[in-house]
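Shown next, in structure tokens, is the structure this report addresses.
The values are calculated or read from the model by the stated rules, or taken from the named source; none is laboratory data. Note that the coordinates shown come from a computational prediction; the quantities given were computed from them, not determined experimentally. Positions of Cβ are generated from backbone atoms using ideal geometry, with glycine treated the same way; all protein chains shown enter the neighbour counts. The area values use the complete protein model at the heavy-atom level, side chains included, leaving out ligands, DNA and RNA. Shrake-Rupley method; radii C 1.70, N 1.55, O 1.52, S 1.80 Å.
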Amino acid sequence: LINLMIVPGLAFLVLAGLWLRHRRTAPLLARCHLAQTFFASLWAGALLVVANAAIIALGGYDSPHTWVVVILYFTTCHTTLICFGAMGLARALAGRPFVFPLIGRPCDG
């Protein structure tokens, strides 16, 4: 959640480091949550690039269309990822697996 809300660049680097270091050695449940979070963060970054490309395609950052794209992005993509991230965190704290809908891959079992 820090990756999506507070310090996204730094938090993603920490998350990527954790994933690279522990993707094979962590317990199964931790590997599952780490993989889900890492790949969801990659999707979030891709969606941010798509939103910026849409802004540029619709006339740049000085265009009135900019706010339409920004509001649509934040009310759909960003908010959805934050809600699923909170659900994943709650499941992790409860010791249960979580797979992101649509973008998540089932965990090894």
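Quick notes on this one:
- Gain upon complete extension [C107, L93; 0.36 nm per residue less C-alpha separation]: 3.3 nm
- Estimated at 0.36 nm per residue, the fully extended path between C83 and R23 surpasses their Cα-Cα distance by 19.2 nm.
- Among the cysteines of the chain, C77, C83 have no other cysteine beta carbon within less than 4.7 Å of their own.
- Rounded percent of accessible protein surface that carbon and sulfur make up, the chain, 1.4 Å probe: 73
- Label positions at Y61 and F39, each projected 7 Å from the Cα along the C-beta direction, are separated by 3.3 nm.
- What the range 21-109 shows is 66 Å² of accessible area per residue, with the surface traced by a 1.4 Å probe over protein heavy atoms.
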